[in-house]
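**Student:** Quick one: the structure is below, and I'll ask about it shortly.
The values are calculated or read from the model by the stated rules, or taken from the named source; none is laboratory data. In this text the structure is predicted, and so the values were computed from the model without any measurement. Cβ placement follows ideal geometry from the backbone for every residue including glycine, while neighbour counts extend to all protein chains displayed.
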Amino acid sequence: MPGSRQITSEHDDVVWREIVNDTSGEQTIEYGVVPVDVMASMSGLDFVRAIFARRLPEPPIMQTVEPFDCTAESGVVVIHSVPGLRHYNPIGSVHGGYAAILLDSAMGLAVQSTLPAGTGYTTLEFKISLVRGMSDASGVVRTEGRVLNAGRRVATAEARITDAKGRLIAHATTTCLVFEIAKANAKG
């Protein structure tokens, strides 16, 4: 297919494509899991930026929140999203899981952005405080994740969701385990 690229990994059965619309030149969003060996070959910042630039697939969980206008610098990630009716819980407001996805993603990607090639992380714990409700009338929300400390084995980060007026909606903290990908992958 013109305008597409397929990459496969011997470690994973994952195949992804970067699809470019031949008439408009616009990229469509492709969701998938990046093969471990591809991720390990890149610095964390390059990996996160490649996802945001749609050179790598977005994680499937992001279909839920449809992020846009995402940016990454070392230790800082910003994600924008718009809560909608599809995010509602049974009591008529946006489900706390929507905020949890945004906060956990921003904190985790902020940690990832500080890691050298061949290094990964996993979340050990996170805590979320929801301080203001969201609805389908909230408009664009901004989630910013920021690393507090990035060590050889443990990293900590925080994130905040604010509305278009800069009001705090939710905040969170996380602790992540940092590890060498090759060793972790060899263990299975």
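**Student:** Which of the residues belonging to the range 115-131 are surrounded by fewer than 23 Cβ atoms within 10 Å (Cβ to Cβ) and more than 20 Å from Pro67 (Cβ to Cβ)? Give the steps one after another, and end with the answer.
**Tutor:** We begin by selecting, within the range 115-131, every residue surrounded by fewer than 23 Cβ atoms within 10 Å (Cβ to Cβ); these are 116-131.
Within the range 115-131, Pro116, Ala117, Gly118, Thr119, Gly120, Thr122, Leu124, Glu125, Lys127, Ser129, Val131 qualify.
**Student:** Can you name every residue in the range 123-162 that is under 11 Å from Asp104 (Cα atoms) and either touching a Cys at 6+ places or on another chain (Cβ under 8 Å) or of a type in the set (Ser, Thr, Tyr) (or both)?
**Tutor:** If the condition is that a residue be under 11 Å from Asp104 (Cα atoms) and either touching a Cys at 6+ places or on another chain (Cβ under 8 Å) or of a type in the set (Ser, Thr, Tyr) (or both), then Thr123, Thr143, Ala157 are the ones that fit.
**Student:** So which pairs qualify, if the first residue must be in the range 149-163 and of a type outside the set (Val, Ile, Thr), the second must be outside any strand (DSSP E or B) and modelled with pLDDT of 95 or more, the Cβ gap must be under 6 Å, and the two must be at least 6 apart or on different chains?
**Tutor:** Within 6 Å, the pairs are Ala150/Thr114; Ala155/Val111; Ala157/Met107; Ala157/Ala110; Ala157/Val111; Ala159/Leu103; Ala159/Ala106; Ala159/Met107.
**Student:** Report whether or not Pro67 is surrounded by 20 or more Cβ atoms within 10 Å (Cβ to Cβ) and closer than 24 Å to Ala155 by Cβ. Lay out the reasoning, then the answer.
**Tutor:** On the way: surrounded by 20 or more Cβ atoms within 10 Å (Cβ to Cβ): yes; closer than 24 Å to Ala155 by Cβ: yes.
Yes.
**Student:** Tally the residues that are free of Cβ contacts under 8 Å to residues at least 24 places away in the same chain and closer than 25 Å to Arg49 by Cβ, restricting the search to the range 86-134.
**Tutor:** The number of residues fulfilling the criteria is 0.
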